[in-house]
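Asker: Once you've had a glance at the structure underneath, I'll fire off some questions.
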Amino acid sequence: MFYFENIDAVLFDLDGTLIDSAPDLGAAADQMRVSRGMPSLALDAYRPLAGSGARGMLAVAFGITPQDPQFDSMREEFFCNYENCMTQRTYVFEGVDEMIQQLARAGLKWGVVTNKSARFTDPLSRAMPLFATAGTVISGDTTPYAKPHPEPLFEAARRLGLEPARCIYVGDDERDIQAGLAAGMGTVAADYGYLGEKADTADWGAHARIKSPIDLLKLLNKP
């Protein structure tokens, strides 16, 4: 079994890794369908692409891409819908609270690095008790770059006062692993998450994979 050594902090992706926001993201997109007289779609249709935010949700709901002339206006409509409902159905994945408590007991810092913009991460992190102990929350617009660029991870390490090599990054999208590897961090693929458009995490090149949040603790213990 793989074990991480000399680690001082664990950084996490947000949606699909710490919290299940798919119900609210899907509801925001589905509201757009219903308002246009289209039939509602089941949550299962939205869930796999929830980690892709507006791009993923609008692709499911309407089959459009960012190149579509209507994309920008529809994205803003989606954002407004999501702002109005983003804490109604979102919950912390089972095992996450215990995992965070165990990290604290082990003397490890933790933080969040997400591509979600601060427009949403700020109110979410204020509303959910889980984030009260986070050492840092880096949003998609905190730096000039978003994942898979490593700069958001570098910024998180700087704010924690640590070298990147002393951190590991956990995420449920291939971009997370790409960013973590580029930052020189240990990487963990969250197999329980949304997994993006490429679902085989074995192909991502992560140092380790976990099937539940609590499994992360096993990677931090020496045999």
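Asker: For segment 164-191, which residues satisfy the criterion of being in a strand (DSSP E or B) and not aliphatic (A, V, I, L, M)?
Answerer: Correct list: C167, Y169, G171, G186, T187.
Asker: Say we look at segment 95-110 and pick out the residues that are in contact (Cβ under 8 Å) with a residue 40 or more places away in the chain and surrounded by 13 or more Cβ atoms within 10 Å (Cβ to Cβ); which of these is farthest from M185 (Cα to Cα)?
Answerer: Going through the qualifying residues, I end up with G95.
Here's the yes/no breakdown for (1) in a loop (DSSP other than H, G, I, E, B); (2) surrounded by fewer than 20 Cβ atoms within 10 Å (Cβ to Cβ); (3) touching a Lys or Arg at 6+ places or on another chain (Cβ under 9 Å):
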position	(1), (2), (3)
V112	no, no, no
L124	no, no, yes
P148	yes, yes, yes
E155	no, yes, no
R158	no, yes, no
L162	yes, yes, yes
A199	yes, yes, no
A206	yes, no, no
N221	yes, yes, no
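Asker: With the requirement that a residue be touching a Leu at 6+ places or on another chain (Cβ under 6 Å) and either of a type in the set (K, R) or closer than 23 Å to G171 by Cα (or both), what does segment 61-98 give you?
Answerer: Selection gives V92, V96.
Asker: Let me ask you something else. Please find, within segment 55-94, the residue that is surrounded by the most Cβ atoms within 10 Å (Cβ to Cβ) out of those that are hydroxyl-bearing (S, T, Y) and part of a loop (DSSP other than H, G, I, E, B).
Answerer: Only one residue tops the list, namely T90.
Asker: Here's something else I'd like to know. Restricting attention to segment 126-146, which residues are in a helix (DSSP H, G or I) and either crowded, with 16+ Cβ neighbours inside 10 Å or within 15 Å of the chain's Cα centre (by Cα) (or both)?
Answerer: Passing the criteria: L130, F131.
Asker: Right, something else. Please verify whether A156 is over 14 Å from G111 (Cβ atoms) and in contact (Cβ under 8 Å) with a residue 60 or more places away in the chain, treating the condition exactly as stated.
Answerer: For A156, the condition - over 14 Å from G111 (Cβ atoms) and in contact (Cβ under 8 Å) with a residue 60 or more places away in the chain - is not met.
Asker: To continue, here is another question. Would you say V60 is under 18 Å from D24 (Cβ atoms), modelled with pLDDT of 95 or more and in the same structural domain as R166 (by TED's automatic domain parsing)?
Answerer: no
Asker: Residue under question is A27, and the condition is that it be within 30 Å of K218 (Cα to Cα) and in contact (Cβ under 8 Å) with a residue 40 or more places away in the chain; does it hold?
Answerer: For A27, the condition - within 30 Å of K218 (Cα to Cα) and in contact (Cβ under 8 Å) with a residue 40 or more places away in the chain - is not met.
Asker: I'm told M185 meets every condition in (1) surrounded by fewer than 24 Cβ atoms within 10 Å (Cβ to Cβ); (2) closer than 15 Å to W110 by Cβ except one. Can you identify the failing condition by its number?
Answerer: Among (1) surrounded by fewer than 24 Cβ atoms within 10 Å (Cβ to Cβ); (2) closer than 15 Å to W110 by Cβ, the lone unmet condition for M185 is (1).
Asker: Given D122, D173, which one is within 20 Å of G51 (Cα to Cα) and modelled with pLDDT under 95?
Answerer: After ruling out the rest, the residue left standing is D173.
The values are calculated or read from the model by the stated rules, or taken from the named source; none is laboratory data. Quantities reported herein were computed from a predicted structural model and do not represent experimental measurements. Positions of Cβ are generated from backbone atoms using ideal geometry, with glycine treated the same way; all protein chains shown enter the neighbour counts.
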